[in-house]
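The values are calculated or read from the model by the stated rules, or taken from the named source; none is laboratory data. Small disclaimer: the values here were computed from a predicted structure and weren't measured. For neighbour counting, all protein chains shown are included, and Cβ atoms are generated from backbone atoms with ideal geometry for every residue, glycine included.
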């Protein structure tokens, strides 16, 4: 029996088992590197989507790619850490090129939903200030 545990299996006193809540985070990961044939990167991204079923969308060119997906994590730091490992961890299994991560955006579900329904949800005008 664990220290402070009751015979019923619960914890006595002020000690309690804390269940970590997780949230959904929208990830946009941008990678780039030396040029590879477009068909090769397309097939690699399709394999990544199979390996990582939360992949929503992938865009690619011969020398860069962007993937968007949902990640479940306790907080932004955990979501970012998982996102930063994704490309390297799936490089071999998906046949991804040895590109480096050049961009990462992590936003919570509420922010993503607000952007999606905002009339100004399109691209931000350079040098301009506009409301959400």
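Taking the stretch 30-124 as the region of interest, the helices (runs of 4 or more DSSP H) fully inside it that hold 3 or more residues being touching a strand residue (DSSP E or B) at 6+ places or on another chain (Cβ under 9 Å) and over 26 Å from residue 20 (Cβ atoms) are 38-51. Restricting 82, 48 to residues that are more than 17 Å from residue 32 (Cβ to Cβ), surrounded by 15 or more Cβ atoms within 10 Å (Cβ to Cβ) and at pLDDT 90 or above narrows the list to 82.
So, in the stretch 90-110, of the ones that are in contact with a helix residue (DSSP H, G or I) (Cβ under 9 Å, 6 or more places away or on another chain) and over 18 Å from residue 32 (Cβ atoms), which residue ends up surrounded by the fewest Cβ atoms within 10 Å (Cβ to Cβ)? Within the stretch 90-110, the match that is surrounded by the fewest Cβ atoms within 10 Å (Cβ to Cβ) is 93.
Under the condition of being modelled with pLDDT under 60 and outside any loop (DSSP other than H, G, I, E, B), which residue from the stretch 1-29 is nearest to residue 73 (Cα to Cα)? Ranking the candidates gives 11 first. Of all residue pairs spaced 6 or more apart or on separate chains, those with beta-carbon atoms under 6 Å, a first member in the stretch 45-62 that is more than 19 Å from residue 93 (Cα to Cα) and a second member that is not in a strand (DSSP E or B) are 62/35; 62/38.
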